Amino acid sequence: MIAAGIDIGSRAAKAVVMSSGSILSSVICDTGPESVKTAHTTMARALKGTGLSQDDIQYIVATGYGRVLVPFANENISEISCHARGINWYFPSVRTILDMGGQDCKAINCDSNGLVTNFIMNDKCAGGTGRFLEMIAEVLNTSLDEIGELSLSSRNATPFNTICAVFAQSEAIAHFRKGGAKSDILAGLHEAIATRSLNLLKRVSVERDFSITGGIAKNSGMVAKIREKIGMEPLLCEDPQIVGALGAALLAEERCNTDGSQDMKAHYGYTDGTGDYFITIDSGQCDGCGYCVEACPAGILIMAREDGSQLKAELKEEARKNLAFLCPGFLSCRHRHEVNCHSVCSKDAISHTW
Ligand code: SF4
Ligand code: SF4
């Protein structure tokens, strides 16, 4: 089975092609001004040398800020879910992810299945994003690839009063003009960004194991500062920048079973400005016991009989568009109630993406 994931980010577009659970190819391209064109070019490059054409791919999931503009995608899923799923493929023990992207930064908690249990996003200020580091590299006339190593050679980090992208850039220029060493200026900025990342992570929960994804995870200076602040060694995969596209490809694989037909999972819910709210019920696993319906304090599950066959759990029609208000997500539900749909389901047929 061939499945693919494509992640159209603000600075870079990534694609991963998978064949039966293994990565066949992956690419990273610059995001051009036209997302549709970028999507076609990125997928064509991912297929180059594989002997495959796009028609050979059974399911494609798009993610990233440009995900709705991928005309050939079968489905689009938020990058939060994709990063959690992607990192779980490398490191199933990871429970906390810091995704440092081109234009925003996210702190994510996930469970052992790579399902999101909590997240927070900082997309209000460019400080600490890939774009911000690009601007700083330009100001200091240094290549983006070198700034991390350069920051590590500093003995006297320049203190920064702010990490606001605009003011920090002005401060960096002022220090540079006064003869400040590039390494010290960069060390000060990396320190400030690491502090900001720690504050973001504290708004979810910082649990072991910990990983960093996104292009900034390739910056050794930033990884060193974050390690120091958080007090945990991050698990870093081979290429942290493709984790979102990898997660999308894995979710695409899950949408199909081995003979290429659609799987039996029903996904109820939606994505809005605040996040993903999906309850997934695997009717292939569900044995119709009905315990989840009894356990749910929100009363949003029912048993239904499709085509006169076995009873299966479903989400009530009226709850599907209002899910975030009715169900607090299984982690919060577990804290508030002794039993919940997960704890009573012996078939592990029900899951949440929150
Ligand atoms: S508890 Fe699990 S197996 Fe039982 S009806 Fe609910 S989803 Fe199906
Ligand atoms: S997590 Fe709690 S409220 Fe949500 S569906 Fe499960 S039992 Fe119901």
Odd one out for R305 among (1) within 13 Å of ligand 2 (Cβ to nearest atom); (2) without any contact (Cβ under 8 Å) to a residue 12 or more places away in the chain: (1)
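Name the residues in segment 272-289 that are charged (D, E, K, R) and away from ligand 1 (no atom under 15 Å from the Cβ), would you?
Matches in segment 272-289: D272, D276.
Residue by residue, here is whether (1) farther than 22 Å from G130 by Cα; (2) in a strand (DSSP E or B) holds:
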site: G5; (1), (2): no, yes
site: S25; (1), (2): yes, yes
site: M43; (1), (2): yes, no
site: G51; (1), (2): yes, no
Qualifying residue in segment 299-316 (condition: within 20 Å of L115 (Cβ to Cβ), within 27 Å of the chain's Cα centre (by Cα) and within 8 Å of ligand 1 (Cβ to nearest atom)): no
The listed residue being crowded, with 23+ Cβ neighbours inside 10 Å, of a type outside the set (F, W, Y) and assigned to a loop (DSSP other than H, G, I, E, B), out of V94, V61, V16: V94
Residue check, A84 assigned to a helix (DSSP H, G or I), free of Cβ contacts under 8 Å to residues at least 24 places away in the same chain and buried (at least 17 other Cβ atoms within 10 Å of the Cβ): no
Among (1) within 11 Å of ligand 1 (Cβ to nearest atom); (2) at pLDDT 90 or above; (3) under 30 Å from M121 (Cα atoms), the one test that C292 misses: (3)
Qualifying residue in segment 274-288 (condition: touching a Lys or Arg at 6+ places or on another chain (Cβ under 6 Å), buried (at least 21 other Cβ atoms within 10 Å of the Cβ) and not aromatic (F, W, Y)): yes
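The values are calculated or read from the model by the stated rules, or taken from the named source; none is laboratory data. Keep in mind it's a predicted model, so treat the numbers as computed, not measured. We place every Cβ from the backbone using ideal geometry, glycine too, and count neighbours over all the protein chains shown.
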